[in-house]
Every structure is written in C-alpha cells, then in structure tokens.
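Notes follow once the structure below has been shown.
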C-alpha cells in the first residue's frame, strides 16, 4: 500500500468518489429529489416522508452500483476510464458490499411505508434491476423506465393511504420513457461497441431527440389535462414546452438534447406543483 493511499487525503477520498460515480449519483439524486417533491406535494408527514425518500435513495444506489457491477467486463473491454470499477480506482468488493447494504435498506425502508406501498416501490426497483440485467439490450429497454417512474408516484400516494390521481402515473410514465431516451444518447457509441442494442440504438441518434421530445410533450399535455392548473400556469408551461420542442426538432449539435432535458424538467415541475 502506498503512502498516499494510507495517509494522503486524496487517497482517502478516492474510494468515496469512486462509490459516488459508480452509483450514478446524478440520476440517483434526481429521482430522489423528485420523490421528495412528490411527497411534499402529497402532504406526507415529515417522518413518513423521510423514510420514503430514504427508501428511494437506497433503491437508486442499489440500481447504480448493480449497473456498474454487471457491466464491469463490458466496460473494461470498452476502455471506460470514466467508470471507477473498470478503471480499478474502487475495489469491486467494496461496491458489492455497498450494493448489498443498499438492497437490504431499500427493502426495510420501503415496507416501513406500508405493505402495499412498499411492494410497489420494490417492484419499481426490480424493474430497474431488470434493465441492468439485460432488458437494456432489447427493444423493451424503455419498459423498466416507464414502470419505475409511473410506480414512483403510486408509492408516494399509497404511503399516504391513497391511490394516485390518474395523471400522476401516466405523466410520470411518459417522463420515464423520455428520460430513458435522453439518458442513453451520450453512450450510444460505447454501447454499440459492446453489443448493447436497446430501443434508442434501433432508432438511431437522429431520431432519439425528436421522439423524446414528442413523448415529453405528451407528458406535459397529460399533466395539464389532469391537474387543470390556473390558466396562466398552463399557458406559460405550454409556451415554454412548445419553444423547446421546436428547438429539439430544428436545432443542431447539442441543442436538441439540452432542449429535450428542458422539457423533462418542466414536466417534473408540473407533476409536483400542479397536484
């Protein structure tokens, strides 16, 4: 063991950074924040909301770590130096241990929110694991995202003893499909080199952003139709989404991708504030 690994602050923090990157911290945090906002919109009491958000975070961490563990051989063959496991900057056994702990925590915390609510959330996490285990390489790659995002809204309301309003799961399902299309776009080349061929790969890079925009616009329409927010809110949201959709279809370079993400953010906000 080198001196830096034993005593240096950089060496001490390297495994932590590696764990965060391997957990896909950005998407995990985004979904967790969405769950927290939905819980606030539902009016869950603080204690129940904290347990629910912790359950979602644990589930997301397990999904992220399992993704990199399952893809380890593929990532190494593709030379993915951005992946800590593939680059060897974080021990495999450490990620395995953390992933196992996250699974246990997810089960306990989910069921603490109520049996039915907990089973729904565990189904969402199972769908995400199914994606990691092989569905991402099929034309059904969109399905786990649809189930997980739609199910998340049901988890939140069932934890409060209520069924979700119809437009919450429908809008969130469409948001999940759009998120899948956008999430895969930056990795198309690496995926193609290692044999991953899901729905976005079949569509091709030119079709992904416009299709994602169409799905996300549909989510906007569903949420606005279901929530029926004040007219100024509906008009403003519709105008912003329309402009972004035009940029997706007619833009060049990274503009379509960024604009589609903008639509996804508008949809996420509407899901929360238009309850």
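Taking the listed residues 201, 180, the one that is under 18 Å from the mean Cα position of the chain (by Cα), under 19 Å from residue 260 (Cβ atoms) and outside the structural domain of residue 70 (by TED's automatic domain parsing) is 180, with no other qualifying.
Pairs meeting the criteria (first residue in region 233-252 and in contact (Cβ under 8 Å) with a residue 12 or more places away in the chain, second residue exposed (fewer than 15 other Cβ atoms within 10 Å of the Cβ) and assigned to a helix (DSSP H, G or I), beta carbons under 6 Å, at least 6 apart or on different chains) are 247/255. Has region 100-109 got any residue that is farther than 15 Å from residue 24 by Cβ and in contact (Cβ under 8 Å) with a residue 60 or more places away in the chain? The answer is no; no qualifying residue exists.
Remark: residue 41 matches the filter, which requires a residue to be in contact with a helix residue (DSSP H, G or I) (Cβ under 9 Å, 6 or more places away or on another chain), assigned to a helix (DSSP H, G or I) and modelled with pLDDT of 90 or more. Being out of contact with any helix residue (DSSP H, G or I) (no Cβ under 8 Å at 6 or more places or on another chain) and either not in a helix (DSSP H, G or I) or not assigned by TED's automatic domain parsing to the domain that holds residue 135 (or both) is the filter here, so list the residues in region 83-101 that pass it. Matches in region 83-101: 88 only.
Within region 72-81, being without any contact (Cβ under 8 Å) to a residue 12 or more places away in the chain and outside any helix (DSSP H, G or I) holds for 79, 81.
Rundown of residues vs (1) modelled with pLDDT of 95 or more; (2) touching a helix residue (DSSP H, G or I) at 6+ places or on another chain (Cβ under 8 Å); (3) closer than 30 Å to residue 162 by Cβ; (4) not assigned by TED's automatic domain parsing to the domain that holds residue 107, yes/no style:
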| residue | (1), (2), (3), (4) |
| --- | --- |
| 23 | no, yes, no, no |
| 26 | no, no, no, no |
| 37 | no, yes, yes, no |
| 55 | yes, yes, yes, no |
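With the structure loaded, tell me whether residue 77 is crowded, with 23+ Cβ neighbours inside 10 Å and either at positive phi or in the same structural domain as residue 131 (by TED's automatic domain parsing) (or both) or whether it fails that test. For residue 77, the condition - crowded, with 23+ Cβ neighbours inside 10 Å and either at positive phi or in the same structural domain as residue 131 (by TED's automatic domain parsing) (or both) - is not met. When residue 90 is tested against (1) within 17 Å of residue 50 (Cα to Cα); (2) crowded, with 21+ Cβ neighbours inside 10 Å, exactly one condition is not met: (1).
The values are calculated or read from the model by the stated rules, or taken from the named source; none is laboratory data. None of these values were measured; they are calculated from a predicted model. Note that we place each Cβ from the backbone using ideal geometry, even for glycine, and neighbour counts take in every protein chain shown.
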